[in-house]
Amino acid sequence: MIIAQLSDTHVCAEGVKAYERVATNDMLAAAVDHLNALVPRPQVVIATGDLCHSGAKEEYAALRSLFAPLAMPVFLIPGNHDDRAELVSAFPEHDYLPQDGGFLHYVVEGYPLRLIALDTVIPGEAGGRMCKDRLTWLAERLAEGGGRPTLVFMHHPPFLTGIGHMDEIGLEGAEEFGRIVLRHPEIERIVSGHLHRPIQMRWRGTLASTAPSTAHQVVLDLGPCAAGFYNLEPPPARSTSSNLLRVWSATRATSAASPVPTGFPTEAAAERRSRLRRGPPSRTK
Ligand SMILES: [Fe+2]
Ligand SMILES: [Fe+2]
């Protein structure tokens, strides 16, 4: 099973750029094209929050249009830039999203890897939280899983990264969350966003990671006084539209970054790709 992660897409209203300079919508469009062209294709996409830049209705309309060409299902969770109500109302056919106005957490069954989506949002705040109610919900869902291999995804990472200004808007309740995770070795990975940068850490018996944004990245500044600073790396900006691919087989899970390429295939690569797209040759007697 291949799972693609898209994070921190920060979609804006049509024709608007984030911070008046980042064409986040164009970058997400490139990432979607890239996922559709992969051979083999991922079975699902998880979009780990900060889907839209300010949580406005017109931004979710743009997000809906940008996700429409995706050839595989996408599962959404909110980040601190999102608005739960606008998100739910923009995607009425995404019936895995709870409709009760509460937390947008859910379980996806039916794949070799069980997916548990968490909602870490505190409305109006940049940091996140796993409160008592959310922790209880998670513990109950894990108990129901019977030890099946599980991937947990959430916007705010549960670990400190060393990037000062991001750690200040990290996750409250991480210690309590970690105690639950420790009891469940079936958790193969905890994947999150928020950091706009790929970082991995062994954490509470599993591997926890953050993902790059499909758009702007947070500068890697590990000083205690690190201040907020974004960049577009590496140039040209389109190549920063990264996806992370999680490959799961019965015995192993691997992760790989898959940047949207700006290069070109060799003749042999193009031929191989078109051969794989045609599928195996039909057998004749
Ligand atoms: Fe973000
Ligand atoms: Fe965030």
message = What's the magnitude of the charge dipole for the stretch 2-271 around its Cα centre, counting Lys and Arg as +1 and Asp and Glu as -1 at the beta-carbon? Answer in Debye, nearest 20.
response = 760
query = When F153, F91 are ordered from fewest to most other Cβ atoms inside 10 Å of their Cβ, what list results?
reply = F91, F153
Extended-chain gain in nm, criterion 0.36 nm per residue less alpha-carbon gap, V219 and E186 = 8.6 nm
Net +/- balance of residues flanking C225 in space, Cβ distance below 13 Å, scoring K and R +1, D and E -1 = -3
inquiry  = Mean-square fluctuation check for the chain, GNM, Cα pairs under 10 Å: which of R189, R275, R179 is largest?
reply    = R275
message = Placing unit charges on C-beta atoms (Lys and Arg positive, Asp and Glu negative, everything else neutral), compute the dipole magnitude of the stretch 52-155 about its Cα centre in debye, rounded to 20.
response = 320
Residue with peak Gaussian network fluctuation, the chain [Cα springs, cutoff 10 Å], from H81, H94, H53 = H94
inquiry  = Looking at the chain as a GNM with Cα springs under 10 Å, which of H194, H156, H105 has the largest mean-square fluctuation?
reply    = H105
note = Sorting A227, M1, A90 by the position of each Cα along the dipole of the chain (Lys, Arg +1; Asp, Glu -1; all at Cβ), the one nearest the positive end of that ordering is M1
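Values in this text are rule-based calculations from the coordinates and carry no lab data. Worth saying up front: this structure is predicted, and the values here are computed from it rather than measured. Note: ideal-geometry Cβ built from the backbone for every residue, glycine included; neighbour counts use all protein chains shown.
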